[in-house]
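The structure appears below as structure tokens.
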Amino acid sequence: MNIRSLETFYWIAKLGSFRATGEKLYASQPTISARISGLEDELGVKLFDRSGRSAVLTTKGRELLVYAEKILELHQELLEKVADPDSIHGTIRLGVAETIAYTWLPRLIERINETYPAINLELDVDISVSLAEKLIRREIDIAFLIGEVRHENFVTKPFCSYSLTWVASEKLMLHEKPLSVSALAQVPIITYPRMSEPHIYIRSLINPVSRSIQIHSSSSLSTIIRMTVDGVGVSALPSEIVTSELESGKLRELQVEANVPDLVFNVAYTTAPGGYIVRAIADLALNLVSSESRESR
């Protein structure tokens, strides 16, 4: 009996699928089946009822799950207290909103490489709603996203926030200062995807003064920036991601009567047993943000 077999057993019990567990643990389905068969042979009992479409724990399987969780937690504590970070290996799947990919991600990857040189990273850049769903389905291990993940065995912690600045190209010739909401409603607005917080807020801001406003949305920040530079419309973006466009004059800041609320990002991850390295990397990210915030004061 080894940790890998118990970890495999634990995730099949939680995910209800040999295939999903194989994807999570980066192992082929024959390998997953072999680990469970070996565990069943060693214990002399059947752990799963595989007659249906999903793997269901038997009575003995439910008994083992209690002990497997305790052993995995103890193994996690051992790694945390004793193991050399250089010896910890594996693959961690990071899910990041595109704003984070434009800002914190390079520094975070550099810090992870320095601290855990044997860890491989798999990046998934997506909108926050999709990242939350992927995290719950265990398709990613850590998510940097807007909003909370309210689900059993997950924790959400504040990560960072960005103020949004209205920007536009000189091609639009918007010279009113400050720009009223009514004047803003006469110009196409380019913003984040439909269910995002900025999109919802902008829609609620404009609807009382105009029902015919054009709001173009995109899940790609590079597309939003390009459309804004081309003069298609105005947008509200973190100044950190359009620094070069502002410095070159391709975009300029607009004074608008109404500000869009800050983008507030969280880091979310599982609290499941055996997730020491996931939590360690989440803490690494939080410490990085905290230290850089102190230095900038």
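Derivation of every value follows stated rules applied to the coordinates shown; laboratory data play no part. Since this is a predicted model, take the numbers as computed values, not measurements. Reconstructed Cβ throughout: ideal geometry from the backbone, glycine too, with neighbour counts over all protein chains shown.
A few remarks follow.
- Ordering VAL289, THR31, LEU57 by Cα displacement along the dipole of the chain toward the positive end leaves LEU57 in first place; charges were set at the Cβ atoms of Lys, Arg (+1) and Asp, Glu (-1).
- Taking the helices alone, the chain has a mean residue ellipticity at 222 nm of -14000 deg cm²/dmol, built from -39,500 (n - 2.57) per DSSP H run of at least 4 residues and averaged over all its residues.
- Positive-end extreme of charge dipole, segment 164-261 - chosen from ILE206, ILE224, GLN255 (charges on Cβ): ILE206
- Efficiency of FRET from Cβ geometry, SER37 and ASN287, R₀ 51 Å, rounded to 0.05: 0.75
- Net +/- balance of residues flanking LEU251 in space, Cβ distance below 10 Å, scoring K and R +1, D and E -1: -2
- Modelled spin-label separation between LYS171 and ASN153, with each label point placed 7 Å from Cα along the Cα-to-Cβ direction: 5.0 nm.
- In range of the label at ILE88: residues from segment 259-291 whose backbone nitrogen is under 16 Å from the point 7 Å along Cα→Cβ: 269-288
- Environment charge of GLY147, counting only residues whose C-beta is closer than 14 Å and scoring Lys/Arg +1, Asp/Glu -1: -2
- Rounded tilt (10° steps) of 3-15 against the dominant C-alpha axis of the chain: 60
- The chain: angle of helix 105-115 to the longest principal axis, Cα-based, in degrees nearest 10: 30
- Ignoring aspartates and glutamates fewer than eight residues from LYS14 along the same chain, the ones with Cα atoms less than 20 angstrom from its Cα are GLU23, GLU40, ASP49, GLU63, GLU69, GLU73, GLU133, GLU139, ASP141, GLU152.
- Its residue count N sets the reference 2.2 N^0.38 Å, and the alpha-carbon radius of gyration of the chain equals 1.25 times that reference.
- ASP124 versus ARG107: modelled label distance in nm, points set 7 Å from Cα along the beta carbon direction: 2.6
- Spin-label pair GLN29/GLN186, simplified geometry with 7 Å Cα→Cβ offset, distance in nm: 6.2
- Rounded tilt (10° steps) of 29-43 against the dominant C-alpha axis of the chain: 40
- Net charge contributed by nearby residues that have their C-beta within less than 13 Å of THR8 (K/R +1, D/E -1): +2
- Ranking of HIS199, HIS151, HIS175 by neighbouring Cβ atoms within 10 Å, starting from the fewest: HIS175, HIS151, HIS199.
- Comparing mean-square fluctuations of VAL181, VAL125, VAL229 from a GNM of the chain with C-alpha springs under 10 Å, the top value falls on VAL181.
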